[in-house]
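Below is one structure, written out as C-alpha cells; comments come after it.
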Amino acid sequence: MHNILKKKQLNSEICLIEFEAADIAQAASAGQFVILRVDENGERFPLTIYDYAPVKGTITVVCQAIGVSTKKLCSLREGDQICDIAGPLGHPVHAANIGRVVCIGGGVGTAEAYPIAKTMIQNGNNVTVIIGSRNRDLLICEEEIRSFCRDVRVTTDDGSYGRKGFVTDVLAEILSSEKIDQVYAIGPVPMMKRVAEVTRPYGVKTLVSLNSIMIDGTGMCGGCRVKVDSKTQFTCVDGPEFDGHLVDFNDLTQRLGQYKNKEKESLSCYAKKCRIGLGEEH
C-alpha cells in the first residue's frame, strides 16, 4: 500500500497526487510512467511520473478524471492509500547535449512537459516552453514551469489568457526566426500531429510522447501498438517517446477511436480477468 502525502486540485478535472513509492522514486527518470491500481477491485492504468523525490521516497502524478479509475483516484484524499504501483516503465528522455530545445505541452500533457523541460534545463540546454489549453481555467503547471524556465509562452484557444491561438502558432514563429535543435511535444494526438507537420519543413528533430491505449504495460497484449516508420512498435516498452516525423498519426487516431467504441467491448472479458485498465491515458 502507498500512502498519499499530498493531494492538490489543479482545476475542475485534473488533480496532483504525491504518494510514497521509495523504490520507484530511486529509479525514476523524466519521461517514464507507472501503472497503478487504486484498490484491490480496481483496474490497472498508466500515468506519467510528474515528479520524483528519491530522498523523500515519493513520486507525484497528475491525473485527469475521465474514466472510472481516474475518477476514483482523484476522489482520494491525503492519508488515503493506493493499492499497488508498478514502475518506472518506458524509456527516459535523452536530455544531454542537445542545444536549443522547444518543449510543448497541451492540456494535461503540460504535466509531462514539466519534467521533460526541467531535465532539459538541468542538462544545460537552452529551453523554451510553450503550453496551451482551451481556456484559462484548464491551464495547469504554469507557475511550476516558470520556477525553473525563463522563457514560457502561454496560449489559449479562446484568448482568455496569454495569446489567443494554438501552441503551433508560437512554434511556427520561433522556427522562422531561429535555429532549433529539437522539439518535444506532449498532448492530444491532433496537436502532436500538427507539431510534426510544422517542424517537418525545417528538418528539426521532433519527439512526441504517445498516449495510445495501454492494457498490461509489458508489451504482451499489443493494445498499445503504433506504426512508426511503417513498423509496429509498442508504446509501453518501445516508447512512450517516438520520432514524430515517423509516427503514423492517422493509424493512431483510428485505433484510439476503435478502442473507445467497438474494441473496448470485445476486450472487456480479458480486462476483467486481468483487472487491467481500458481507455485511460497516461
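Things worth noting here:
- Three principal axis extents describe the C-alpha atoms of segment 100-209; from largest down they are 34, 29, 24 Å.
- Sorting 68-81, 196-209 by average packing, meaning the other beta carbons within 10 Å per residue, from highest down gives 196-209, 68-81.
- Here the chain is treated as an ellipsoid with the same Cα gyration tensor; its semi-axes, largest first and in whole Å, are 28, 22, 18.
- q = 0.19, 0.23, 0.29 Å⁻¹, segment 195-255: log10 I(q)/I(0) [Debye, one scatterer per Cα]: -0.64, -0.89, -1.25
- Pairwise centroid distance, computed over Cα atoms, of segment 33-88 with segment 129-161, Å: 24 Å
- From its DSSP helices (H runs of at least four residues, each -39,500 (n - 2.57)), the chain gives a residue-normalised ellipticity at 222 nm of -7500 deg cm²/dmol.
- Largest GNM mean-square fluctuation among Gly217, Gly132, Gly162, using the chain with Cα springs under 10 Å: Gly162.
- Build a GNM of the chain with springs between Cα atoms under 10 Å apart, and of Gly187, Gly87, Gly106 the one that fluctuates most is Gly87.
- Pairs of Cα atoms farther than 19 Å apart, segment 2-89, %: 29 percent
- Lys, Arg +1 and Asp, Glu -1 on Cβ, resulting dipole of the chain about Cα centre, debye, nearest 20: 300 debye
Bear in mind that the values in this text are calculations on the coordinates, not laboratory data. Every value quoted in this text rests on a predicted model; they were computed, and no experiment measured them. Cβ coordinates were reconstructed from backbone atoms using ideal geometry, including for glycine residues, and neighbour counts include every protein chain displayed.
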